[in-house]
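To start, the structure under review is shown below, and the notes come after it.
The values are calculated or read from the model by the stated rules, or taken from the named source; none is laboratory data. It should be emphasised that the depicted structure is a prediction, and the values quoted were computed from it without experimental measurement. Cβ atoms come from the backbone with ideal geometry, glycine included; neighbour counts cover every protein chain shown. What goes into the accessible areas is simple: the full protein's heavy atoms, side chains included, and nothing from ligands, DNA or RNA. Shrake-Rupley method; radii C 1.70, N 1.55, O 1.52, S 1.80 Å.
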Amino acid sequence: LLTDFGISDHYVAALKGVILQLCPDAVLVDISHTISRHSVAEGAYVLSQAAPYFPEGSIHLAVVDPGVGTRRRRIVIEGRRCLYVGPDNGLLIPAARAEGIVKTVEITNKRLIRREVSATFEARDVFAPVAAHLASGLSIEDIGPKISNPVELSWGEVSLTPSGATGRVLHIDRFGNIVTNLPSSSLSGIPPSSPLRVRVGAAIASASASKSYGDVPEGKLIVLAGSGGFVEIAVNRGSAQEVLGAHVGAEVELSFSLPTEGDTYRR
Amino acid sequence: LLTDFGISDHYVAALKGVILQLCPDAVLVDISHTISRHSVAEGAYVLSQAAPYFPEGSIHLAVVDPGVGTRRRRIVIEGRRCLYVGPDNGLLIPAARAEGIVKTVEITNKRLIRREVSATFEARDVFAPVAAHLASGLSIEDIGPKISNPVELSWGEVSLTPSGATGRVLHIDRFGNIVTNLPSSSLSGIPPSSPLRVRVGAAIASASASKSYGDVPEGKLIVLAGSGGFVEIAVNRGSAQEVLGAHVGAEVELSFSLPTEGDTYRR
Amino acid sequence: LLTDFGISDHYVAALKGVILQLCPDAVLVDISHTISRHSVAEGAYVLSQAAPYFPEGSIHLAVVDPGVGTRRRRIVIEGRRCLYVGPDNGLLIPAARAEGIVKTVEITNKRLIRREVSATFEARDVFAPVAAHLASGLSIEDIGPKISNPVELSWGEVSLTPSGATGRVLHIDRFGNIVTNLPSSSLSGIPPSSPLRVRVGAAIASASASKSYGDVPEGKLIVLAGSGGFVEIAVNRGSAQEVLGAHVGAEVELSFSLPTEGDTYRR
């Protein structure tokens, strides 16, 4: 389960109750319910990072859905390993693409959904029952017709040259580590400990290429291949977000050359 | 499980450990542990919203208990569908009333509770073991004597007239949606898209009646029948709480007539 | 499971997915994932408070690990009741010591860990698979060689005299209750309702000894034997942290004599 419903309200529990009514043996695992509200891209990122570690046959119910109650489609994607249930707004795409999409169907079978569908809580009334029916063995063929054009989502453009890379902030984690949309491979030519220049939005700083957070003194800025396949900007035992004032979506520029700024940060 | 214990401490885990020791097959589902501390009314609201979606036979262990360690009673309520375990302070009442109360008993059987009862953590030492024993099949008759006067709780008074409605803020959810204690039916005579005047505390704004968040342009204030049976005040892709500066308990007034304020907000 | 990974990212879900792949019947219980980042002592405290309530045979996977990716050892501790899996930095010690340590082994068996070990996410690649293999019945002998010198951790020094006690703030819970490292027994000679003088950092206040939060009027400061075996400083229906401006690690001094300050707080 992944949503932007937060953990204070009854919303997530209602989903779980609905699922357990239809499929009492379901094993429920939360991925995150504190995705920034309505942030489809952040939800897609977190889902795509978690999904590869789940057992084959898992059903991912993901709802970050600013268009709830409007005419956007509701879909189920069959991937090579897992099923994905949620709105057709790109949220499910990166996780499903990573394992390979077998097919996508639109949820149209009215017998699978709750009799009264609230205009503001389709997660409870449509997506949760569908996920529970799938967990109970329902075939994806019984959900609805195949569609060939689910809404796509990309991580945003990146520009990679031998001397640098430009992209965007994709996510900022609890530690203040800044996850960019630059693939880890963009660091492959850079020797460990190489000095780098980093720009995030208007903030500029010098940093070192590194393999892990502990490779540099406390408080030093590092650029490393993160655990999820993307370049991350971090501070050893500190918060890169605080140092650089970053926010999701800000432009990121790495320059693989000696910084001229010394060790100071410019904001 | 519903508490105001938060998610950072060991409190909730201690409950779960105690339950799993006594009933290893229990399926544990969190409703919320971030109810505002000591806010019995908010806990009662969230519990009552989640409970109807849980399977028949579920046991709801709910503890928001500013009187812990004092002489207030500890009770189990048998509803038509589920059991409710917690303090006798009204917390369990709205959820149990909604399904129909069969009977209420006071927890007096000392063999069901932990030998050393901490004065500050009855949830671990009393309520969790009782819930676990019930989950293992203990009859409610073995808990203690029937009582006929559990402490009541209401959502607060509302005033409904053809031209408007007055009530209070019951809850503010993660999206900044303001849940009022006005029943959804108070909007039943209002055509969709009708202009309304909204007052929350000292803030006054114009809004439209609507069926879902996406029916109006981004940033517009709407009044709708929420998924839980109460009138909600919301902003499409925004936060009504931020726009109106609302807090739980503030007075809410809806006027079903053309606003004179245009589209501006007054605080 | 106890970590400082937070609840917004995919980190905890990745652990759970890895465990469920290797041990589909595992019952997963979260203790806390919002330990202050890199705070080994706070993690050790919360783990030690929760662990005694879990069933015998439980496996505690705990990761608060500022040294991730460096050469610190990875260990499994066999206690008299439970197993503990995590970094060798003291995190597991208080919980394991409380039940009695049978033996400690270093994790060296490469067949138990994921093929590609990320330098920044050993919890997913090393600790979670080891915990899952143990849950599936692997013997601790197959993990690696016995070690005799795990890194220790203490709650910090305390000084106890008949007229007072000095120690430190160990933890501040969601209610603003200040948990000190003073054992509850340091209050054993003090009659209920006795006046006390409390100093936390530079803040000085008068308080009463008490058995539970509700024993004094609202807003009054009390000192009591907390549910976890340590002295706590609390405010009835309020936050001692807000009143005293406390933070984890600050010095705490209790004087068991009539306060001279009346009922005022000095900061």
Subset of the stretch A:205-214, residues buried (at least 18 other Cβ atoms within 10 Å of the Cβ) and either within 20 Å of C:Val117 (Cα to Cα) or among the aliphatic types (A, V, I, L, M) (or both), comes to A:Ala205, A:Ala207, A:Ala209, A:Ser210, A:Ser212, A:Tyr213, A:Gly214
Show the residue pairs that are 6+ apart or on different chains and have beta-carbon atoms under 8 Å apart, the first residue being within the stretch A:35-49 and within 15 Å of A:Ala96 (Cα to Cα), the second being open to solvent by 30 Å² or more (accessible area, probe 1.4 Å) and outside any loop (DSSP other than H, G, I, E, B). A:Ser48/A:Ala98
Please verify whether the stretch A:52-60 includes one or more residues that are open to solvent by less than 20 Å² (accessible area, probe 1.4 Å) and of a type in the set (A, V, I, L, M). no
Taking the stretch B:68-109 and keeping residues in a loop (DSSP other than H, G, I, E, B) and either farther than 18 Å from B:Lys146 by Cβ or touching a Ser or Thr at 6+ places or on another chain (Cβ under 7 Å) (or both) leaves B:Val68, B:Gly69, B:Thr70, B:Arg71, B:Arg81, B:Cys82, B:Asn89, B:Gly90, B:Leu91
Just checking, does the stretch A:25-39 include any residue being assigned to a helix (DSSP H, G or I) and within 14 Å of chain B (Cβ to nearest Cβ)? no
Can you name every residue in the stretch A:73-121 that is in contact (Cβ under 8 Å) with a residue 40 or more places away in the chain and charged (D, E, K, R)? A:Arg73, A:Arg74, A:Glu78, A:Asp88, A:Glu99, A:Lys103, A:Glu106, A:Arg114
I'm trying to understand the selection: among the residues of the stretch C:234-259, which are under 16 Å from C:Pro191 (Cα atoms) and open to solvent by less than 10 Å² (accessible area, probe 1.4 Å)? C:Leu254
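A quick yes/no check of all residues on (1) of a type in the set (D, E, K, R); (2) within 14 Å of chain A (Cβ to nearest Cβ); (3) more than 18 Å from A:Phe121 (Cβ to Cβ); (4) touching a residue at least 12 places away in the same chain (Cβ under 8 Å):
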site: B:Gly167; (1), (2), (3), (4): no, no, yes, yes
site: B:Ile172; (1), (2), (3), (4): no, yes, no, yes
site: B:Phe175; (1), (2), (3), (4): no, yes, no, yes
site: B:Ser184; (1), (2), (3), (4): no, yes, no, yes
site: B:Arg197; (1), (2), (3), (4): yes, no, yes, yes
site: B:Ala202; (1), (2), (3), (4): no, no, yes, yes
Quick one: which of C:Pro191, C:Pro150, C:Pro217 is touching a helix residue (DSSP H, G or I) at 6+ places or on another chain (Cβ under 8 Å) and either open to solvent by 40 Å² or more (accessible area, probe 1.4 Å) or in contact (Cβ under 8 Å) with a residue 24 or more places away in the chain (or both)? C:Pro150
Taking C:Leu28 as the residue in question, decide whether it is surrounded by fewer than 20 Cβ atoms within 10 Å (Cβ to Cβ), farther than 17 Å from C:Asp125 by Cβ and hydrophobic (A, V, I, L, M, F, W, C). yes
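Search the stretch C:12-24 for residues being more than 7 Å from every other protein chain (Cβ to nearest Cβ) and either closer than 21 Å to B:Asp30 by Cα or not in a loop (DSSP other than H, G, I, E, B) (or both), and hand back the single one that is nearest to the chain's Cα centre (by Cα).
Per the stated criteria, the residue is C:Val12.
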Boolean, C:Gly6 is surrounded by fewer than 24 Cβ atoms within 10 Å (Cβ to Cβ), under 25 Å from A:Ile172 (Cα atoms) and of a type outside the set (A, V, I, L, M, F, W, C): yes
With the condition kept exactly as written, say whether any residue in the stretch C:196-219 is among the β-branched types (Val, Ile, Thr) and under 20 Å from B:Tyr11 (Cβ atoms). no
I'm checking my understanding of the structure. Among residues of the stretch A:110-147 that are part of a loop (DSSP other than H, G, I, E, B) and modelled with pLDDT of 95 or more, which one is least open to solvent (accessible area, probe 1.4 Å)? A:Ile143
Just give me the residues in the stretch A:160-187 being open to solvent by 40 Å² or more (accessible area, probe 1.4 Å), within 25 Å of C:Asp9 (Cβ to Cβ) and not in a strand (DSSP E or B), in sequence order. A:Arg174, A:Ser185
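A quick yes/no check of all residues on (1) within 14 Å of chain A (Cβ to nearest Cβ); (2) among the aliphatic types (A, V, I, L, M); (3) touching a strand residue (DSSP E or B) at 6+ places or on another chain (Cβ under 6 Å); (4) under 20 Å from B:Ala14 (Cα atoms):
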position: C:Ala62; (1), (2), (3), (4): no, yes, yes, yes
position: C:Arg71; (1), (2), (3), (4): yes, no, no, no
position: C:Ile77; (1), (2), (3), (4): no, yes, yes, no
position: C:Pro94; (1), (2), (3), (4): no, no, no, yes
position: C:Phe121; (1), (2), (3), (4): yes, no, no, no
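Checking the conditions here, which among C:Gly67, C:Gly43 is crowded, with 22+ Cβ neighbours inside 10 Å, of a type outside the set (Lys, Arg) and in contact with a strand residue (DSSP E or B) (Cβ under 9 Å, 6 or more places away or on another chain)?
Working: C:Gly67 fails: crowded, with 22+ Cβ neighbours inside 10 Å.
After applying the criteria, what remains is C:Gly43.
Yes/no per residue for (1) of a type in the set (S, T, N, Q); (2) closer than 30 Å to C:Gly229 by Cα; (3) in contact with a His (Cβ under 8 Å, 6 or more places away or on another chain):
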| position | (1), (2), (3) |
| --- | --- |
| C:Asp30 | no, yes, no |
| C:Val40 | no, yes, no |
| C:Ala44 | no, yes, no |
| C:Leu47 | no, yes, yes |
| C:Tyr53 | no, yes, no |
| C:Val68 | no, no, no |
| C:Arg72 | no, no, no |
Can you pull out every residue in the stretch A:50-70 that is free of Cβ contacts under 8 Å to residues at least 40 places away in the same chain and not aromatic (Phe, Trp, Tyr)? A:Pro55, A:Glu56, A:Gly57, A:Ser58, A:Pro66, A:Gly67, A:Thr70
